[in-house]
Amino acid sequence: LTRPLRSPIVPSVPSAMAATSAPGYGGGMPRLLVVHYSPTPTVQALADAVLEGARTAEDEGVEILVRHALEATTDDVLAADGFILGTTANFGYISGALKHFFDTTYDATHETTTRKPFSYWIHGGFDTTGAERAMTSITTGYGLRLATPPLAFTGPPNAEHLEAARELGGTVAWSLAM
């Protein structure tokens, strides 16, 4: 299921104000944490497109921190102002790697993530329904706020999927620049 394409949110404040008024961790630059499990060239292409979109907000002071799902830490989550999550759908669920990330960070971080913006992408071979339900349930537990509709689909990514991934990354990142 492909979601409709949307343009990234563009701040209406001057660049200097956007960088200083954003809610950065510790009063610094706002930080976007991208946690993903991208084991194949197909899924890595989605991750790359998401990052391309997110990096459009770097000039406005948004720091992009990228972590493989098995390498992301509690400190990464505590230091983040927003999140993008990416995974494959495996046997009707999210990847074990992303599940491990959630399992190892939840207890120490879920009270600090309330209302922080996020979105996600899921790529499946046959079905993403169970993985989508899991993402909704888990991110609700973290109290995260969906900044833009997620991208979830099956089959090979096409140009429309990659553009939607860029827009997803850009929208979440720009929400931190405002």
What ³J(HN,Hα) values, in whole Hz, does the Karplus curve 6.51 cos²θ - 1.76 cosθ + 1.60 give for the stretch 126-134 when θ = phi - 60°, with x put for Gly and Pro? 10, 7, 10, 4, x, 5, 5, 4, 4
Residue separation times 0.36 nm, minus the C-alpha to C-alpha distance between residue 112 and residue 154: what's the value? 11.8 nm
How would 174, 121 line up by accessible area, probe 1.4 Å, largest first? 174, 121
Carbon/sulfur fraction of accessible area - the stretch 58-136, other protein chains in place, 1.4 Å, %: 51
Using only Cα atoms, locate the centre of the stretch 146-165 and the centre of the stretch 51-118, then give the distance between them in Å, rounded to an integer. 17
Shape of the stretch 55-178 from its Cα gyration tensor (a ≥ b ≥ c, root eigenvalues): rounded if a/c is under 1.5, otherwise prolate when a/b > b/c, or oblate? oblate
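The values are calculated or read from the model by the stated rules, or taken from the named source; none is laboratory data. All figures in this text were calculated on a predicted structure; none of them were measured in a lab. Heavy atoms of the whole protein, side chains included, go into the accessibility calculation; ligands, DNA and RNA do not. Shrake-Rupley method; radii C 1.70, N 1.55, O 1.52, S 1.80 Å.
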